[in-house]
Amino acid sequence: MTASAADRRIRSLRPPKPHVDPYVAHGTALDEERRPDGRVERALTVFLAGAECPFTCSFCDLWRYTIDGPTPPGALVAQLERVLADVAAPLPTRLKLYTASNFFDRRAVPADDLPALARLAAPFDAVTVESHASTIGVEAASFARMLRGRLEVAMGLETIHPVASTRLNKRLTLDQFDRAAATLAADEIDVRAFVLLAAPHVEPTEAVEGTVRTVEHAAAQGAAMVSIIPVRGGNGEMERLAALGEFTPPTLAQLEDALDQCAHIRNSVVTADLWDVPLLAQCGACQPARRERMRRINVSGRGQPRVVCEQCDGS
């Protein structure tokens with residue numbers, strides 16, 4: 001993919017990339033996750049090191065977890081073998097393979113590695129990978145046939161805001177996402193969607209409403225799981241946009257409001273991404289309780305009373 005002027009600007013503002021060993025996974029996470037049928041399953045996420053995504057989205061900070069150049073053949077297999085060797089029994093139900101890039105980009109995941117990755121995933125009932133909607137095609141169906149368990153593909157929808165969606169440098173149209181979701185459904189592959197909270201170029205007063213509308217669209221396209229992800233700063237471009245008044249960092253209250261306002265969506269499981277909640281907190285007294293409240297909603301799907309804090313206004 002030829003670098004555009006926007007690509008070059010975004011990359012020029014980034015801080016130095018840390019050294020990444022292509023044969024060592026960044027880490028793992030073990031979470032409980034509610035599925036559309038009401039089951040709560042254990043999911044093991046493996047953060048694999050590989051090639052950088054070529055799309056250069058303005059809001060992305062995952063590039064820092066990638067290597068320069070293509071992923072060496074066999075590197076992902078070696079990473080996953082090492083991780084799974086240390087996982088205690090019983091194994092979780094779901095395995096998530098997140099590469100900080102696109103699983104169906106052959107620079108990121110060499111084609112020759114797919115059978116070995118499928119073999120390593122055989123003990124799991126389900127496997128989740130992530131990839132840009134434009135990479136969805138016959139290779140997803142081919143990988144699904146290699147797996148013993150069911151495949152789920154996560155795609156970033158980000159926002160359906162008519163202005164913001166065209167200025168994220170993601171090279172994604174709504175039609176592309178919709179077609180990719182339909183293709184996956186036709187191949188009996190589950191769809192997961194990522195939606196941004198407080199996307200750049202969205203007014204703060206519209207942030208929650210825009211997020212809810214985007215979640216609704218993802219659900220209407222068949223996304224069984226939708227994760228609301230607060231936009232993070234730190235990549236240089238977000239700071240540039242903030243200085244121009246084009247980006248206002250999300251608040252903890254906005255994340256709670258967005259999650260609560262998605263309670264009416266019944267055909268998809270909508271969750272709040274809680275990994276970076278401490279970065280959103282403005283009150284140390286209530287932040288842990290508010291995070292726990294959202295975790296309970298994520299797992300149960302049931303509403304929870306809002307936390308009352310005498311030291312803040314819930315912002």
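Do you know which of the residues in region 104-132 that are under 13 Å from the mean Cα position of the chain (by Cα) and of a type outside the set (S, T, Y) is farthest from L174 (Cα to Cα)?
The qualifying residue farthest from L174 (Cα to Cα) is V129.
Tell me yes or no: at least one residue of region 27-47 is touching a residue at least 12 places away in the same chain (Cβ under 8 Å), within 22 Å of A133 (Cβ to Cβ) and among the aliphatic types (A, V, I, L, M).
no
From the list V40, V24, which one is open to solvent by 50 Å² or more (accessible area, probe 1.4 Å), under 27 Å from L274 (Cβ atoms), in contact with a strand residue (DSSP E or B) (Cβ under 8 Å, 6 or more places away or on another chain) and at pLDDT 95 or above?
V40
Can you name every residue in region 165-195 that is of a type in the set (K, R) and open to solvent by less than 40 Å² (accessible area, probe 1.4 Å)?
K170, R192
Which pairs do you get when a residue that is over 20 Å from R171 (Cβ atoms), found in region 58-73, comes within reach of a residue that is open to solvent by less than 60 Å² (accessible area, probe 1.4 Å) and of a type in the set (F, W, Y), reach meaning Cβ atoms under 8 angstrom, with the pair 6+ apart or on two chains?
Y65/F47
Looking for whichever is closer than 21 Å to V127 by Cβ, buried (at least 22 other Cβ atoms within 10 Å of the Cβ), under 19 Å from the mean Cα position of the chain (by Cα) and at pLDDT 95 or above here; the options are A223, A198, A207, A258. Which one fits?
None of the others qualify; the one that does is A223.
If a residue has to be out of contact with any strand residue (DSSP E or B) (no Cβ under 9 Å at 6 or more places or on another chain), of a type outside the set (D, E), open to solvent by 20 Å² or more (accessible area, probe 1.4 Å) and not in a loop (DSSP other than H, G, I, E, B) to count, how many in region 109-127 make the cut?
4
Give the residue, chosen from E52, E33, that is surrounded by 20 or more Cβ atoms within 10 Å (Cβ to Cβ), within 22 Å of E139 (Cα to Cα), in contact with an Asp or Glu (Cβ under 8 Å, 6 or more places away or on another chain) and of a type in the set (D, E).
Exactly one of E52, E33 is surrounded by 20 or more Cβ atoms within 10 Å (Cβ to Cβ), within 22 Å of E139 (Cα to Cα), in contact with an Asp or Glu (Cβ under 8 Å, 6 or more places away or on another chain) and of a type in the set (D, E), namely E52.
The values are calculated or read from the model by the stated rules, or taken from the named source; none is laboratory data. Please read these numbers as outputs of a predicted model, since none were measured by experiment. Reconstructed Cβ throughout: ideal geometry from the backbone, glycine too, with neighbour counts over all protein chains shown. Note: areas computed on protein heavy atoms with side chains; ligands, DNA, RNA excluded. Shrake-Rupley method; radii C 1.70, N 1.55, O 1.52, S 1.80 Å.
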